[in-house]
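One structure is given here, and the rest of the page talks about it.
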Amino acid sequence: MNKKEQILTATLKLIVQKGIESTPMSEIAKAADTGMGAIYNHFPNKESLVSELYFYLKAKESAIIMQGYDPSLSVKQRFVYLWKRMIGYFMAEPMDFMFLEQFYYSPAIDPKAKHEGSLYVSVLDSVYLDGQAQQIIKEGNVKEWIGFTSGSLVSLVKLHHSDYISLQEDSIERYIQAAWDAIRS
């Protein structure tokens, strides 16, 4: 692992433990076993460090959910496939999941960065838009429908990571079906 990767890994761990606002650069340097100068050689400030970590994780998320994706499948099949892949990623990589949640809901983060991050998974937009064009997904703002769907499914992942529930393959399929039922025309 090179120095930049060490810094990103340390940042991820600390932010998940302490929060974005409560993680100073000095602690990141210490956790990455490097000096402040090395951090500033790679990142001009904390905001750019946190943003780069966010974009790195969004690219990772996109690559994982797109692996094996077939755009010729039906809208419902693509919907199910993408949400299963996303839930699988979030369950397998809890630190990534917790960081992405913190980043997205932090008031300290520039909304423009959040929007740019959403472009990494824009394939979801196309599935919902295709569904609306075929009149099998309810009319309305696609971003709102994605938010509605992800809100329920992501909440289940949170409950899973807090050991309140234990998501299994059959329950994941059942909840994805319930999300589909909620948005279909």
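Throughout, read-outs are computed from the coordinates displayed, never taken from laboratory work. Computed from a prediction, not measured in an experiment: that's the story for all the values here. All Cβ positions, glycine included, derive from the backbone under ideal geometry; neighbour counts span all protein chains shown.
Some values worked out for this structure:
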read-out	value
K60-D130 pseudo-label distance in nm [points 7 Å out on the Cα-to-Cβ vector]	2.8
For I137, residues with placed amide H under 5 Å, excluding near neighbours	Q132, S185
Whole-Hz couplings from phi, Karplus 6.51/-1.76/1.60, listed for region 150-164; x for Gly and Pro	5, x, 6, 6, 5, 4, 5, 5, 4, 4, 5, 5, 8, 6, 7
Ranked by how many other beta carbons lie within 10 Å on average, peptides 8-19, 172-183 from highest	8-19, 172-183
Straight-distance crosslink candidates among lysines, where the alpha carbon sits under 24 Å from K3 and sequence neighbours closer than 8 are dropped	K13, K18, K30, K46, K58, K60
Karplus (6.51, -1.76, 1.60) ³J(HN,Hα), θ = phi - 60°, over region 142-149, in Hz, Gly and Pro reported as x	4, 4, 5, 5, 5, x, 4, 5
Interchain or long-range residues, amide H under 5 Å from I165's placed H	H160
3J(HN,Hα) from dihedral phi, region 32-39, Karplus parametrisation 6.51/-1.76/1.60, rounded to Hz, x for glycine, proline	8, 6, 8, x, 4, x, 5, 5
Helix-only CD estimate at 222 nm, as mean residue ellipticity for the chain, using -39500 (n - 2.57) per DSSP H run (n ≥ 4)	-23500 deg cm²/dmol
Förster-model FRET efficiency, 35 Å R0, S48 and V123, C-beta, rounded to 0.05	0.80
All aspartates and glutamates inside 12 Å of K138 as judged from Cα atoms, apart from same-chain residues fewer than 8 positions distant	D130, D181
